[in-house]
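Colleague: Dumping the structure here so I can ask a few things about it.
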Amino acid sequence: MSDKSAVKSMEEFVAWAKRRGVIWQSSEIYGGLGSSYDYGPVGVEMKNRLKAAWWKTMVQERDDIVGLDSAIILNPKVWEASGHTDSFTDPLVEDLVTQKRYRLDQLKDQTKSPDGNPLSEPKSFNLLFKTFIGPVEDSQSVAYLRGETCQGIFVNFKQIYEVSRQKIPFGIAQIGKSFRNEITPGNFTYRTREFEQMEMEFFVKPDEADKWYQKWIDARLEWYVSLGVKRENLRLYKHPKADLAHYSKGTTDIEYKFPWGWGELEGIANRGDFDLAAHQKHSGKDMSVFDEETKTKFIPWVIEPAGGVDRALLAILLDSWQHFEKGRKADGEAETLLSITPKLAAYDAAVLPLVKKEPLVKVAKELVQKLRSQGKNVFYDESGSIGRRYRRQDEIGTPFCYTVDFETVEVGDNKNTVTVRHRDTMEQERIALESL
Ligand code: GAP
């Protein structure tokens, strides 16, 4: 193999993502919107599969976790109780010369701006997105787009506890959009103002919190590895006490080695009884459960693995992406290969008639129908040279190409067989249509 490289610069990766229909800047015809991205035809398939993989692992394969899809706009009292209207802030400073804004905690040298200019005094900037419910824009109608999905879980805890017949320990999982008015979004989809979270709140007895905290750290780390993130690009970062979020008794981040440095993929937090106790106090509703063993009531503690869909997909794509300057056989044109795990590939397979002629097209379309009826997501492509069509599929990570050629339809040993081309090895073999 020749001149193989992983992602060297984000520019080439971002260009590939756009060219191949994975991710691009939102509202591009109007010049885009700062750090807002759209997932194209290929990207949305991958993102849906990633969310489905999380849901399967966290909800469908377990007896002790149930799902939820709560509203994005909650009663504003939720965010007062959770501490977000007061404490969900970042320290904002302004370059006094250029007026550019920065998060103080992200500046290497906190005494001056990256341009070397003096900085303003830090101000606490609240990250919640404000909106108004109904036609009147006054303080009575203020509401917030949710800043994290988990508050929808906490306010539904008692309801779900009662309807799901679960016992402590058990969890509630949710995937959905969250919104934060980030001061310095950036690094492609890593930090945006609108993003998707996958959060699970696991309710435990207080004396079992440490055990579950560790269990979830281990389980969540392995999940990323199972989806093709290289172990050497992952590490755990335990937050020092002084840096913990307002709700946390302990947090460990799963970090990934992005091209610009280590960054958080997911945080696993021991939230204690902070949230349920706060909602009990503010709503006046009892959030405690009865412990059959001790015959006492208690407010469960919460262990929370909270990940980002966009960041997880970004890490998976970065670790799957390879570029070959002179082609994979060292004598051709530049090629890109996305060796993404087949579980997350946008398409399970591509079906290609060797040439756009009957009866090849008819047989190929029948094969497409057959595979679709088996639940496979299949891409059909009949135009262009077969080599180019293979390369296009390699670039978006389709694990197999099934090619219908003349041997498939002519009398002979290979009648009713197709060529299967394997993405990673480029090996080809003939396989009976029937066996697909
Ligand atoms: N409920 C806890 C919570 O929200 P967090 O660490 O603030 O914790 C969880 O967020 C995950 O959500 C992060 O690990 C990250 O993957 C994702 N996330 C947070 N802010 C984000 C942003 N601005 N852009 C993209 N993803 C973000």
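Colleague: In this structure, does residue 351 turn out to be within 30 Å of residue 275 (Cα to Cα) and touching a residue at least 12 places away in the same chain (Cβ under 8 Å)?
Modeller: Judged against the criteria, residue 351 is not a match.
Colleague: Is it the case that residue 148 is open to solvent by less than 30 Å² (accessible area, probe 1.4 Å), modelled with pLDDT of 95 or more and either assigned to a strand (DSSP E or B) or outside the structural domain of residue 26 (by TED's automatic domain parsing) (or both)?
Modeller: No.
Colleague: Here's a follow-up. Take residue 244 and tell me if it is of a type in the set (A, V, I, L, M), within 13 Å of the ligand (Cβ to nearest atom) and open to solvent by less than 40 Å² (accessible area, probe 1.4 Å).
Modeller: Yes: the conditions hold for residue 244.
Colleague: Right, residue 208: near the ligand (Cβ under 10 Å from one of its atoms), farther than 21 Å from residue 101 by Cβ and not hydroxyl-bearing (Ser, Thr, Tyr) or not?
Modeller: Answer is no for this residue.
Colleague: Go through (1) at pLDDT 95 or above; (2) touching a helix residue (DSSP H, G or I) at 6+ places or on another chain (Cβ under 7 Å); (3) not polar (S, T, N, Q); (4) not in a strand (DSSP E or B) for residue 247 and report which single condition fails.
Modeller: (1)
Colleague: Take the residues of the range 230-241 that are within 16 Å of the ligand (Cβ to nearest atom) and not aromatic (Phe, Trp, Tyr): which is surrounded by the fewest Cβ atoms within 10 Å (Cβ to Cβ)?
Modeller: Step by step, filter the range 230-241, then rank; the result is 240.
Colleague: Scan the range 155-199 for residues that are in a strand (DSSP E or B) and more than 16 Å from the ligand (Cβ to nearest atom) and jot them down.
Modeller: Answer for the range 155-199, where residues must be in a strand (DSSP E or B) and more than 16 Å from the ligand (Cβ to nearest atom): just 170.
Colleague: Please go through the range 199-224 and give me each residue that is within 30 Å of residue 424 (Cα to Cα), open to solvent by less than 40 Å² (accessible area, probe 1.4 Å) and aliphatic (A, V, I, L, M), ordered by number.
Modeller: Within the range 199-224, 221 is the sole residue that qualifies.
Colleague: Kindly indicate whether any position in the range 43-62 is assigned to a loop (DSSP other than H, G, I, E, B) and at pLDDT 95 or above. Steps first, please.
Modeller: Taking the range 43-62 first, the residues assigned to a loop (DSSP other than H, G, I, E, B) are 61-62.
Filter once more, keeping what is at pLDDT 95 or above: 61-62.
Yes, the conditions are met somewhere in the range 43-62.
Colleague: Looking at the structure I just gave you, is residue 227 aliphatic (A, V, I, L, M), open to solvent by 20 Å² or more (accessible area, probe 1.4 Å) and in the same structural domain as residue 297 (by TED's automatic domain parsing)?
Modeller: No.
Colleague: Test residue 142 against the stated conditions and say whether it is without any contact (Cβ under 8 Å) to a residue 12 or more places away in the chain, of a type in the set (Val, Ile, Thr) and away from the ligand (no atom under 11 Å from the Cβ).
Modeller: Numbers: without any contact (Cβ under 8 Å) to a residue 12 or more places away in the chain: no; of a type in the set (Val, Ile, Thr): yes; away from the ligand (no atom under 11 Å from the Cβ): yes.
Here the answer is no, as residue 142 does not meet what is asked.
Colleague: Let me ask something else about it. Inside the range 343-379, can you point out the residues that are of a type outside the set (Lys, Arg) and within 27 Å of the chain's Cα centre (by Cα)?
Modeller: Passing the criteria: 344, 345, 346, 347, 348, 349, 350, 374, 375, 377, 378, 379.
Colleague: Here is a follow-up. Could you tell me whether residue 316 is in contact (Cβ under 8 Å) with a residue 24 or more places away in the chain and either within 16 Å of the ligand (Cβ to nearest atom) or surrounded by fewer than 19 Cβ atoms within 10 Å (Cβ to Cβ) (or both)?
Modeller: Numbers: in contact (Cβ under 8 Å) with a residue 24 or more places away in the chain: yes; either within 16 Å of the ligand (Cβ to nearest atom) or surrounded by fewer than 19 Cβ atoms within 10 Å (Cβ to Cβ) (or both): yes.
Here the answer is yes, as residue 316 does meet what is asked.
Colleague: Looking only at residues in the range 248-302 that are within 16 Å of the ligand (Cβ to nearest atom) and loosely packed, with under 15 Cβ neighbours inside 10 Å, which one is nearest to residue 155 (Cα to Cα)?
Modeller: The residue in question is 262.
Colleague: Name the one entry in 82, 113 that is open to solvent by less than 30 Å² (accessible area, probe 1.4 Å), outside the structural domain of residue 312 (by TED's automatic domain parsing) and in contact with a helix residue (DSSP H, G or I) (Cβ under 6 Å, 6 or more places away or on another chain).
Modeller: Numbers: 113 fails: in contact with a helix residue (DSSP H, G or I) (Cβ under 6 Å, 6 or more places away or on another chain).
Only one candidate qualifies: 82.
Colleague: Residues being among the hydroxyl-bearing types (Ser, Thr, Tyr), without any contact (Cβ under 8 Å) to a residue 12 or more places away in the chain and within 17 Å of residue 328 (Cα to Cα): count how many of those fall in the range 377-436.
Modeller: Keep residues of the range 377-436 that are among the hydroxyl-bearing types (Ser, Thr, Tyr), which gives 380, 383, 385, 390, 398, 402-403, 408, 417, 419, 425, 435.
Pick out the ones that are also without any contact (Cβ under 8 Å) to a residue 12 or more places away in the chain and you get 385, 425, 435.
In the following step, the residues that additionally are within 17 Å of residue 328 (Cα to Cα) were identified as 425.
Number satisfying all stated conditions: 1.
The values are calculated or read from the model by the stated rules, or taken from the named source; none is laboratory data. If you're wondering where the values come from, they're calculated on a predicted model, not measured in any experiment. Glycine gets a Cβ as well: all are built from the backbone with ideal geometry, and neighbour counts include every protein chain shown. Ligands, DNA and RNA are excluded from the accessible area calculation, which covers all protein heavy atoms including side chains. Shrake-Rupley method; radii C 1.70, N 1.55, O 1.52, S 1.80 Å.
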